[in-house]
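Here the structure comes first, spelled out in structure tokens, and everything after it is commentary.
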Amino acid sequence: MADFVRIGHPDSKYRAAAEDACMSVSSIVQQMNTNVELYKSLHAVVNDGDKLSDQSYDETDRRVAQLLLDDFEQCGIHLDEHTRRKFVEISERIMYLESSFFQKTHEPSRVPVKSLPSHLQHVLGRSGEVTVYSTQGEHQDENEREAYYRAFLYPTELQSQTLDQLLAARDELSKLVGFNSFAERALQNTMTKSPDNANKFLRLLSQQLLPMTHADFSKMAALKQAQYPGSDLQPWDVTYFSSVMRRNSVTTSLAEVCKYLSLGACLDGLKLLTERLFGITLHNVVPGPSECWHDSVYKIEVRWLEGNDVIGYIYCDLYERRGKPLQDCHFTIQGGRLKSDGTYQIPKVVLMMNFATPSSSLPTLLTPQQLENLFHEFGHAMHSMIGRTRYQHVTGTRCSTDFAEVPSNLMEYFASDYRVLRQFTFHHETGEPMPEEMANQIRKSKSLFLASEMQTQVFYSALDQALHSSHPLGSSTIDILSDVQKEFYGLPHVPNTAWHLRFGHLVGYGAKYFSYLMSKAIAAKIWQHSFKDDPFSRSSGERYMKEVLCHGGEKPPLEMVEALTGVKPTIESLADSLIEETRSAGNYAN
């Protein structure tokens, strides 16, 4: 709860108190993680079973105990005292370096004008130093795009050194606790298991994506040639020309589309979908005194349709307000768990979005992207609501990083399927249903350049893996960037630029950035197997609940997927599922 309050509460006093609470809880957790006696007791339980409890020690207990033991050992508790002190010292250094690196990824770039090629120096100023805040990728002038791209991504020695030190410290820490690299340590308890598997997955994707990516880039290059004869497509062009072609592919204005996507109608769509798929009903209920942090927040009670038992509560903080973070998030306020008296502690979560506040004359209208985001975050909420795990440590979304986004990614399929959309997308003034042609245009616009966008994510993920392989790396991070971009992207690296020094995800998702692609692959496989033929299939929804959603992180993810689909997933089959979905949605040739 404190983690949400420190971010989402409108009152600075509450945010400050929640920040203090988070620090206190972190301190308690750190004390527990360094409690040698606790570790020894857990180690004995993992090796010999729980001999002191009257309860049976089953596979769920063994898995959760092993996960906790691995967490202990990743923190070096099994090491001798001298080595543990060294571990703490390196950990503190890593925290400082991560904070420093991440902060500078968001700072403007200040570069000497003379560092730019001569043909661009007049664009940003003829002398002195220039401050640049973004790449200006949407700018229609080619020289402007190139100048801003080169200036914003200009490498700074301090940030480069910070990244070098961070990568080296992570590697040193990982080897201290018995791993060959930071990537190996980070992937220990994930679905993917190892850096070798992660790299295999990325290479399989890239091999099949590159021909489709080249087709995307060829379309953009043709458009650029029409505007600038004799000019090749460059990395700074991709955002602009893809946006132009998307706009040209849609004949209906965005404002007109939004009239069919009132927030109330979209929430009705979610209610309809959860009832028909899962037998779950959603009811607005009046919160208790001081229960909510803002008047615009409303509370949803989640119940089983049969039996009417309460499953959990969702607090919907959906409207923008001053000082509210501009991010769409799902927060766990209270995790589900089986209590000692045999009753179940029901989950409570927050959905935080940033939709326009309605007025007396106009309801809140969503864009297609906002509709997708709403369904995505609601997928997380359903994962939390339906989870019925024994332990809070593995409830709902508390599963491996490369599986946590599966339910949310799966919900995006429903948000773009006209069989679902036609059930709730009605014009807020006339009540007319959204025309199928309009829905098709939205889907077509979204699927344009699907391959090149996914190729970009593969490239980012491959770079993340390369930087977190065993050290010393053997060359500079800029040289590694150039090599990885050559193999995994399709457009060459621009000399004297360092995109990776702006890549803040290296902090929070170090060696795990590929997880989003892996989750998309699993979601694609589940959609194709369970819901592609009938997005309202109750039998498929109930089976999905039983085999996947109710287990959280209590069962290994691949076992859950095999139980649902009847086929054991492999790296190859997961890559194929994602490629099949990309080829079909983007209408690419085989």
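Please treat every number below as a calculation from the coordinates, not as lab data. Note that the structure is predicted; figures quoted are calculated from it, not measured. Cβ sites come from the backbone with ideal geometry, for glycine too, and all protein chains shown count toward neighbours.
Against the empirical 2.2 N^0.38 Å (N residues), the stretch 177-290 has a Cα radius of gyration ratio of 1.80.
In this label model, residue 29 and residue 393 are separated by 1.3 nm, measuring between points 7 Å along each Cα→Cβ vector. In this calculation the C-beta distance from residue 250 to residue 80 is compared with R0 = 60 Å, giving a FRET efficiency of 0.40. With 23 Å as the limit, the listed pairs 271/339; 200/512; 114/224 have 271/339; 114/224 beyond it between alpha carbons. Between residue 334 and residue 580, the modelled label-to-label distance comes to 4.3 nm, taking each label 7 Å out from Cα in the direction of the beta carbon.
Summing Cβ point charges (Lys, Arg +1; Asp, Glu -1) relative to the Cα centre of the stretch 1-84 gives a dipole of roughly 320 debye. Counting only Cβ charges, +1 for Lys and Arg and -1 for Asp and Glu, the dipole size of the stretch 474-586 around its Cα centre is about 240 debye.
Which of rounded, prolate or oblate describes the stretch 336-477 when judged by the alpha-carbon gyration tensor and an a/c cut-off of 1.5? Oblate, since a/c reaches 1.5 and b/c is not below a/b. Once you order the gyration tensor axes a ≥ b ≥ c over the Cα atoms, which shape class does the stretch 94-134 get: rounded for a/c under 1.5, otherwise prolate or oblate by comparing a/b with b/c? Since a/c reaches 1.5 and a/b is larger than b/c, the shape of the stretch 94-134 is classed as prolate. With the charge dipole of the chain set up from +1 on Lys and Arg Cβ and -1 on Asp and Glu Cβ about the Cα centre, the Cα lying farthest toward the positive end among the listed residues 447, 66, 260 is that of 260. Peptides 79-91, 197-209, 490-502 ranked from most to least packed by the mean count of surrounding Cβ atoms within 10 Å: 197-209, 490-502, 79-91. About its Cα centre, the chain has a charge dipole of approximately 440 debye under the convention of +1 per Lys or Arg Cβ and -1 per Asp or Glu Cβ, with nothing else charged.
The Cβ shell under 13 Å around residue 426 holds other residues with a net charge of -1, Lys and Arg each +1, Asp and Glu each -1. Within straight-line reach of residue 104, meaning a Cα separation under 13 Å, sit the following aspartates and glutamates at least 8 residues removed in sequence or on another chain: 157. Counting charges near residue 21 (Lys, Arg +1; Asp, Glu -1) among other residues having Cβ under 11 Å from its Cβ returns a value of -1.
Taking other residues whose beta carbon is less than 14 angstrom from the beta carbon of residue 109, and scoring Lys, Arg as +1 and Asp, Glu as -1, yields +1. In terms of overall dimensions, the stretch 1-68 has a Cα radius of gyration and Dmax of 17.6, 50 angstrom.
For the stretch 19-172, the square roots a ≥ b ≥ c of the C-alpha gyration tensor eigenvalues yield an a/c of 1.5 or more together with a/b exceeding b/c, which makes the shape prolate. Against the compact-protein benchmark of 2.2 N^0.38 Å, the Cα-based radius of gyration of the stretch 129-186 scales to 1.75.
Stretching the chain fully between residue 357 and residue 285 yields a gain of 23.9 nm (0.36 nm per residue, less the alpha carbon separation).
For residue 138 and residue 16, the FRET efficiency from 1/(1 + (r/R0)^6), where r spans their Cβ atoms and R0 equals 41 Å, is about 0.60.
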